[in-house]
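Single-structure report; data block below.
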Amino acid sequence: MFTKKIGHLKTTLNQLSSISPTNLLPLSEVEGLNLHIKTKSDMKKIFISHSSKDSDKVNLLRDLIEGMGIKDSQIFYSSHPAHGVGLGENIFERLKRELTSDVFVLFILTDNFYSSPVCLCEMGATWIMTKEQVPILIPPFDFSKVQGVFPNALGFYINDKSGLNNLKIKLEQEFNLDPINPNRWEDKRDKFLMEINRPIRTDIEKAKIIEMEKRILAKLNPEKRISRTELKEILGYDPQKSVQVGKIRLKEVYLNPTIYEIIPPVFLKPFP
């Protein structure tokens, strides 16, 4: 009798083990449950393609993305030892392993990005091998400078509130994330904007000064002089008797206030 009961028990356990959890639910709930079941193929990664010279800003973006619910292990980018290429590892071999159709790519576009051969190689490889790419621009870099494979309509500025909101929604959809509380998200986003705008403002001011230096050097005559009218147009205001723009110092020519001359020493090598 005992042996017979054991046999019945084994039969029952075998039958239970073949039943899917959804077979025990009402039909009205089965479809909704399937939307939340994650399989191995659903797990995706984010690849942040950027120049290492912009890593301070990219680290801030990484923190924000993790705040949306993306796991640390789902983020790959080469400039951070915890997320990128190991010591002595070939970056292109690592990219070949990492880049699949399940990888979501963020391109962080700056002048530094386009000056980097590695970034340009990443741009071509990821565009071919992945399905989802979003260009993100860091000011003062703007859409007029975007080259390569990026349609302008896809991108946004890294300090654009609406763009960040849309990125959050996109990542929630792609990674099947539970949306975080709206108030918490706004706190995280606004903190990020405050932190990212500090270095951006500095970079914008530097870019303005560099551009003015270029224009002044381009206007200098063979005697290294420039007219007051031309200098005023470049500066946007009427200069004093002496003025400094970045590394360039100028002063009025003696007895001729309509002309300014360079005060040596000054760096006069043409800008690239």
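Residue count for region 172-226 under the criterion of being within 13 Å of ASN159 (Cβ to Cβ) and not β-branched (Val, Ile, Thr): the result is 12.
Of everything in region 129-164, what is free of Cβ contacts under 8 Å to residues at least 60 places away in the same chain and either small (Gly, Ala, Ser) or under 16 Å from ILE46 (Cα atoms) (or both)? Give them in sequence order. MET129, LYS131, GLU132, GLN133, VAL134, PRO135, SER144, GLY148, ALA153, GLY155, SER162, GLY163 - these are the residues of region 129-164 that are free of Cβ contacts under 8 Å to residues at least 60 places away in the same chain and either small (Gly, Ala, Ser) or under 16 Å from ILE46 (Cα atoms) (or both). Identify all residues within region 217-240 that are under 17 Å from PRO264 (Cβ atoms) and not polar (S, T, N, Q); write none if there are none. Listed by number, the residues that qualify are LEU217, LEU220, PRO222, GLU223, LYS224, ARG225, ILE226.
The single residue among ASN159, ASN176 that is in contact with a Lys or Arg (Cβ under 7 Å, 6 or more places away or on another chain) and either at negative phi or in a loop (DSSP other than H, G, I, E, B) (or both) turns out to be ASN176. The condition (being in a helix (DSSP H, G or I), free of Cβ contacts under 8 Å to residues at least 40 places away in the same chain and not assigned by TED's automatic domain parsing to the domain that holds ILE46) is satisfied by just one residue among LEU217, LEU193: LEU193. Taking the numbered list (1) surrounded by 14 or more Cβ atoms within 10 Å (Cβ to Cβ); (2) in contact (Cβ under 8 Å) with a residue 24 or more places away in the chain; (3) in a helix (DSSP H, G or I) in turn, ILE204 passes all entries but (1).
The values are calculated or read from the model by the stated rules, or taken from the named source; none is laboratory data. These figures come from a predicted structure and were not determined experimentally. Using ideal geometry, Cβ is built from the backbone for each residue, glycine included, and neighbour counts are taken over all protein chains shown.
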